[in-house]
1. Has region 103-111 got at least one residue that is within 27 Å of Glu60 (Cα to Cα), at pLDDT 95 or above, assigned to a helix (DSSP H, G or I) and in contact with a Gly (Cβ under 9 Å, 6 or more places away or on another chain)?
2. Of these, Ser36, Ser48, Ser57, which one is touching a residue at least 40 places away in the same chain (Cβ under 8 Å), touching a strand residue (DSSP E or B) at 6+ places or on another chain (Cβ under 9 Å), assigned to a helix (DSSP H, G or I) and within 24 Å of Lys193 (Cα to Cα)?
3. Let me confirm something: among Ala117, Ala200, Ala134, which residue is modelled with pLDDT of 95 or more and not β-branched (Val, Ile, Thr)?
4. Can you name the number of the only condition in (1) within 23 Å of Lys124 (Cβ to Cβ); (2) out of contact with any strand residue (DSSP E or B) (no Cβ under 6 Å at 6 or more places or on another chain) that Asn43 fails?
5. Against the conditions (1) in contact (Cβ under 8 Å) with a residue 40 or more places away in the chain; (2) surrounded by 23 or more Cβ atoms within 10 Å (Cβ to Cβ), where does Leu82 fall short? Just the number, please.
6. Among the residues of region 36-51, is any at pLDDT 95 or above and surrounded by fewer than 24 Cβ atoms within 10 Å (Cβ to Cβ)?
7. Can you name the condition, by its number, that Val115 falls short on among (1) in contact (Cβ under 8 Å) with a residue 60 or more places away in the chain; (2) among the aliphatic types (A, V, I, L, M); (3) within 16 Å of Val128 (Cα to Cα)?
8. State whether the residues of region 58-73 include one that is closer than 20 Å to Ile38 by Cα and within 18 Å of the chain's Cα centre (by Cα).
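The values are calculated or read from the model by the stated rules, or taken from the named source; none is laboratory data. The model shown is predicted, which means the values in this text are computed figures rather than measured ones. FYI the Cβ positions are ideal-geometry reconstructions off the backbone, even for glycines, and counts take in every protein chain you see.
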Amino acid sequence: MSDQLTISLNEILFIFTRAGFGVNAPIGVSEDFARSNIWLAENGFDPSLCSIVALDSLDEKKSSLEIEQDNANLSGSSTQYLSALQASVSALDWIKSDQGVSLTITNVDSPLLVVAALGANQVKGWQVSWSDEAGTNFQVNFVDEGKWQIISDGSRAIELSKGATMSLCMLGGTEIALEGELRRLNSIIEKNKILQTGVAVHEHWDAIYAYFSRCLVKSTAESRASGAGAGLVDTD
């Protein structure tokens, strides 16, 4: 059934925020995570494909929200991935500090989520590059507001990229350092399409919804007595 389901951008914001909270991410981090997934949907990606990797990794303790900074280097535990949910927030803080210095983020579980956070915050003039644990190299250029590029030297889908040390730096010109397949995207155009058609979710949606469901209050006599649930009429 989930492979035929279409949801709205508002539903992505609501459900993904609570899915992040369902794996014990702080509410602010979870809200940023949801906005990143809206941006993924606006650019034609299945938002659950890379997000389920990040959620599963946190739930299974393969990833951690703990992060350490050493000058221009961010890292997590030596025995775990650094969660993209936390790496995204830290990357944005770095860019907004306007230092103009390259940043390295070590061993991120789902690097596309970091890219999505930058896109959702309308970053421009920055480049993100990484080599993942499968050996595929990616480069993303935020050329202008709403316009960006993906370059890859392999056939692996960027949504499936995992376990990467990422480098963020300002674009120095029009040259492309990585040689490979080039894909140009315009989120403004795609967003208009999504507003008309909705967002199709596929085989991972049930797992995303399961994390969301952890935030629901179970229906009991006690929960209803304390005000949980919807009333039967508008005045309840």
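1. Yes, region 103-111 has at least one match.
2. Ser48
3. When all the criteria are applied, what remains is Ala117.
4. With (1) within 23 Å of Lys124 (Cβ to Cβ); (2) out of contact with any strand residue (DSSP E or B) (no Cβ under 6 Å at 6 or more places or on another chain) applied to Asn43, the lone miss is (2).
5. Evaluating Leu82 over (1) in contact (Cβ under 8 Å) with a residue 40 or more places away in the chain; (2) surrounded by 23 or more Cβ atoms within 10 Å (Cβ to Cβ) leaves (1) as the failure.
6. No - not one qualifying residue is present in region 36-51.
7. (1) is the only condition that Val115 fails.
8. no
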